[in-house]
Amino acid sequence: MPKEISGNGNKGATQQVSLYLTDDPALFDSVLIDIQAVRVKLDTCTLSDDDDDDNDDDDSCYVWHTLTIQPGKYDLLRLRNGVDTLLAQGTIPAGKIKKVKLVLGTGHYLVKDGIRYPLNLMPGNRTEVEIKLRDSDWDDFASGRRRIWLDFDVARSIVKVRDGQFYLAPVLRPFTIKKTGSIEGEVVPREATPVISVYNSGDTAYAIPYKDGDFKIRGLKEGTYSLFVNASNGYRDTTINNIVVKAGKETELKKITLQK
């Protein structure tokens, strides 16, 4: 089995890594996820960006490193519309980072319509969530410094089995700001309580605008998207087509005014 090392006392070349947490939201008042540790699996034998196979035949090449975090509960719905938080960071030996592992606690819960519900892991799910990475997933924004964003997809991660009973089956997607694009805009009026989805044949993402109507969706691959506004309280749904997204760019839409 690969060794696990905690701490930063490493010989030779090093790299500084930073992991940011953000959210693809759902219709809850809040969702709090208990994260106790973050670890990365490092391949110290392969330094080439061209080889992204996860080959564990030589266990001596693979080492798990524990990063520095603030353990506790993270309210994912505070991390929407382009907001993120620094989840973990550390200095580790140079090499290819093959996986990120989140070690979860047991204090998860959500609030819906003012009522708090426990959020237990789906039966059979482990408390350790692994995200497989390609070397190209990282943003090498300075010499020896790398960063990545983890999008916690709340809508896909929470399973409602019956009224008042929910389970957690975490779904996370890695992305970087430099290699993906974003869509932002404003939807009015406020009382329409809109929910926004952006989609094409290969990707779907969601946003719940703030009270002022502003929204932002990040981590979109280059391509052409449609945006659907699901409105309430008598307002008509609206679709906008042919939205072009470019890597490293923000696509800003004109104000969307919903009608009854």
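The values are calculated or read from the model by the stated rules, or taken from the named source; none is laboratory data. Predicted model only: the values in this text are computed from it and were never measured. Cβ atoms come from the backbone with ideal geometry, glycine included; neighbour counts cover every protein chain shown. Note: accessible area is taken over every heavy atom of the protein model, side chains too, but ligands, DNA and RNA are not part of it. Shrake-Rupley method; radii C 1.70, N 1.55, O 1.52, S 1.80 Å.
A few comments on the model shown:
- Subset of the range 188-204 [in contact with a Lys or Arg (Cβ under 8 Å, 6 or more places away or on another chain) and either of a type in the set (A, V, I, L, M, F, W, C) or assigned to a strand (DSSP E or B) (or both)]: VAL188
- Of the strands (runs of 3 or more DSSP E) lying entirely inside the range 1-88, those containing at least 1 residues that are at pLDDT 95 or above span 14-24, 30-43, 62-66, 72-75.
- Subset of the range 135-156 (residues that are more than 19 Å from ASP203 (Cβ to Cβ), open to solvent by less than 50 Å² (accessible area, probe 1.4 Å) and hydrophobic (A, V, I, L, M, F, W, C)): TRP138, ALA142
- Cβ-Cβ under 7 Å pairs, at least 6 apart or on other chains, the range 174-202 side under 16 Å from ASP237 (Cα atoms), far side among the small types (Gly, Ala, Ser) and outside any strand (DSSP E or B): GLU186/GLY213; VAL187/GLY213; VAL188/GLY213; ARG190/GLY213; ALA192/ALA231; ALA192/SER232; THR193/SER232; PRO194/ALA231
- Test: residue in the range 123-134 that is open to solvent by 60 Å² or more (accessible area, probe 1.4 Å), in a loop (DSSP other than H, G, I, E, B), out of contact with any helix residue (DSSP H, G or I) (no Cβ under 8 Å at 6 or more places or on another chain) and of a type in the set (Val, Ile, Thr): yes
Residues checked against (1) open to solvent by 20 Å² or more (accessible area, probe 1.4 Å); (2) at pLDDT 95 or above; (3) not hydrophobic (A, V, I, L, M, F, W, C):
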| residue | (1), (2), (3) |
| --- | --- |
| VAL187 | no, yes, no |
| THR193 | yes, no, yes |
| ALA205 | no, no, no |
| PRO209 | no, no, yes |
| GLY213 | no, no, yes |
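- Residue in the range 92-112 that is surrounded by 13 or more Cβ atoms within 10 Å (Cβ to Cβ), within 30 Å of GLU252 (Cβ to Cβ), in contact (Cβ under 8 Å) with a residue 24 or more places away in the chain and touching a Pro at 6+ places or on another chain (Cβ under 6 Å) present: no
- Residues in the range 61-87 that are open to solvent by less than 40 Å² (accessible area, probe 1.4 Å) and closer than 24 Å to ASN120 by Cβ: ILE69, GLY72, TYR74, ASP75, LEU76, LEU77, LEU79, LEU87.
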